[in-house]
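Novice: Once you've had a glance at the structure underneath, I'll fire off some questions.
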Amino acid sequence: MSLQDFAMAVVDWIMAVLPRPIPDRAALERCKIIAHRGAHDNKTVMENTLEAFDAARAAGVWGIECDIRWTADLVPVICHDPSPARVFGTTMNVSALTFDQLRTSVPDIPSLEEVIQAFAGETHLMLELKAEAWPNPGRQREILRALLAPLTPATDFHMLALAPSLFELVDFLPSESFFPVAEMNVSTMSTQSIAGGYAGMGGHYLLLTNRVKRDHDAYGQRLGTGFPSSRNTLFRELNRGIEWIFSNDAVALQHIRDDYLQR
């Protein structure tokens with residue numbers, strides 16, 4: 001575990017034990033949980049797979065977040081890292097393999113087309129563009145345009161990126177379908193999101209402060225916070241008006257939200 005991961009784990013533990021009031025019914029109804037890389041544990045269900053996405057959908061989770069990479073023959077597939085090594089043990093980079101080679105080597109990595117066919121219209125898609133070389137940007141842009149054409153931007157899906165410059169690669173989409181994600185650069189990303197007329201921005205729940213929320217509220221933009229993993233952290237976010245909750249524990253949070261709605 002890295003120092004940053006350890007620090008986040010400590011913060012999450014502290015937030016989990018701090019009591020929070022139960023959000024009102026309106027806040028619970030507005031809550032939209034997004035399964036970060038699907039509902040996975042990377043032991044029995046692996047991240048960014050159809051099985052992980054299906055588990056989230058079956059639990060009633062509103063959205064799934066997944067990561068787009070490209071094979072050597074320009075097929076967009078769903079894989080977070082440049083290589084499947086961390087999750088599947090295969091060390092070759094996705095970009096070095098054709099889709100057929102990747103399917104043979106790691107059959108559980110789905111194509112973007114398969115994800116769209118299986119989940120679009122039922123589950124909101126949060127599609128993250130990764131910072132990697134695009135060998136044929138014009139062709140890749142047209143491939144994405146064709147795959148996304150049956151869907152309604154900002155209604156059926158949003159495009160995510162850690163660098164807003166990546167949205168230039170999908171400039172056929174409206175700006176309100178773009179959702180940049182901040183790391184430590186919250187102020188810069190917030191300014192760019194407002195200036196670009198984006199849907200809003202995402203980031204860690206401690207970094208997206210109430211002041212940042214007020215700034216985006218003024219422009220009709222929303223924040224998406226990650227990664228609440230407990231009831232008290234979820235309630236903290238809902239009580240301050242956050243609607244989009246990105247989580248690695250999406251199914252558990254969905255059950256908590258649904259349970260309190262039923263009460």
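The values are calculated or read from the model by the stated rules, or taken from the named source; none is laboratory data. Since the structure is predicted, the reported quantities are computational estimates derived from the model, not experimental observations. Positions of Cβ are backbone-derived with ideal geometry, glycine not excepted, and every protein chain shown enters the neighbour counts. Note: accessible area is taken over every heavy atom of the protein model, side chains too, but ligands, DNA and RNA are not part of it. Shrake-Rupley method; radii C 1.70, N 1.55, O 1.52, S 1.80 Å.
Novice: Find which of Ser95, Leu162, Asn42 sits farthest along the positive direction of the dipole of the chain, computed with +1 on the beta-carbon of Lys and Arg, -1 on that of Asp and Glu, about the Cα centre.
Specialist: Leu162
Novice: Then there is this: Packing-wise, with mean Cβ within 10 Å as the measure, how do 224-236, 108-120 rank, highest first?
Specialist: Packing proxy ranking, top to bottom: 224-236, 108-120.
Novice: Under 13 Å Cα to Cα from Lys32, which aspartates and glutamates show up? Leave out anything in the same chain fewer than 8 places away.
Specialist: Glu65, Glu237, Glu243, Asp258
Novice: Counting only helical runs of four or more DSSP H residues, what would the 222 nm mean residue ellipticity of the chain come to if each run contributes -39,500 (n - 2.57) and the total is spread over all its residues?
Specialist: -11000 deg cm²/dmol
Novice: Decide, for the range 181-263, between rounded, prolate and oblate: order the square roots of the alpha carbon gyration tensor eigenvalues as a ≥ b ≥ c, take rounded if a/c falls under 1.5, and otherwise choose prolate if a/b is larger than b/c, else oblate.
Specialist: Prolate shape, in that a/c is at least 1.5 and a/b is the bigger ratio.
Novice: For a test of the definition: using alpha carbon positions, the gyration tensor, and the 1.5 limit on a/c, classify the range 1-93 as rounded, prolate or oblate.
Specialist: Oblate shape, in that a/c is at least 1.5 and b/c is the bigger or equal ratio.
Novice: Nearest 5 percent is fine: what portion of the DSSP beta bridges confined to the chain is antiparallel?
Specialist: Here the antiparallel bridges make up roughly 10 percent for the chain.
Novice: Can you give the charge dipole size of the chain about its Cα centre, rounded to the nearest 20 debye, using +1 on the beta carbon of Lys and Arg and -1 on the beta carbon of Asp and Glu?
Specialist: 740
Novice: Here is a follow-up. If we restrict to alpha carbons, what Rg and Dmax does the range 217-263 come to, in Å?
Specialist: So, for the range 217-263, Rg and Dmax equal 11.2, 34 Å respectively.
Novice: In degrees, nearest 10, range 0 to 90: what is the angle between the Cα axis of helix 137-148 and the longest Cα principal axis of the chain?
Specialist: Around 60 degrees separate the two axes.
Novice: Using the Cα gyration tensor of the range 102-143, with a ≥ b ≥ c the square roots of its eigenvalues, what is the shape: rounded (a/c below 1.5), prolate (a/b larger than b/c) or oblate (neither)?
Specialist: oblate
Novice: Something else: Relative contact order of the chain: what whole-number percent is it, with Cα pairs under 8 angstrom and at least 6 residues apart?
Specialist: That works out to 22 percent.
Novice: What do you get when you divide the Cα radius of gyration of the range 88-183 by 2.2 N^0.38 Å, with N the number of residues?
Specialist: Normalised by 2.2 N^0.38 Å, the Cα Rg of the range 88-183 equals 1.14.
Novice: May I pose another question? Explain nothing, just the number: relative contact order of the range 21-158, from Cα pairs under 8 Å at least 6 residues apart, as a whole percent.
Specialist: 21
Novice: Roughly what % of Cα-Cα distances in the range 103-256 sit above 21 Å, to the whole percent?
Specialist: 51
Novice: Next question. For helix 186-196, what angle does its Cα long axis make with the longest principal axis of the chain, in degrees from 0 to 90 and rounded to 10?
Specialist: Taking Cα atoms only, the helix is inclined about 70 degrees.
Novice: Now for a different question. Measure off, as a whole percent, the carbon and sulfur share of the 1.4 Å-probe accessible area of the chain, all protein chains present.
Specialist: Result for the chain: 53 percent of the exposed heavy-atom area is carbon or sulfur.
Novice: Output the 0 to 90 degree angle, nearest 10, between the alpha-carbon long axis of helix 250-262 and the longest principal axis computed from the alpha carbons of the chain.
Specialist: Tilt of helix 250-262: around 40 degrees.
Novice: Measuring from centroid to centroid over Cα atoms, what is the spacing of the range 99-140 and the range 186-222 in Å?
Specialist: 28
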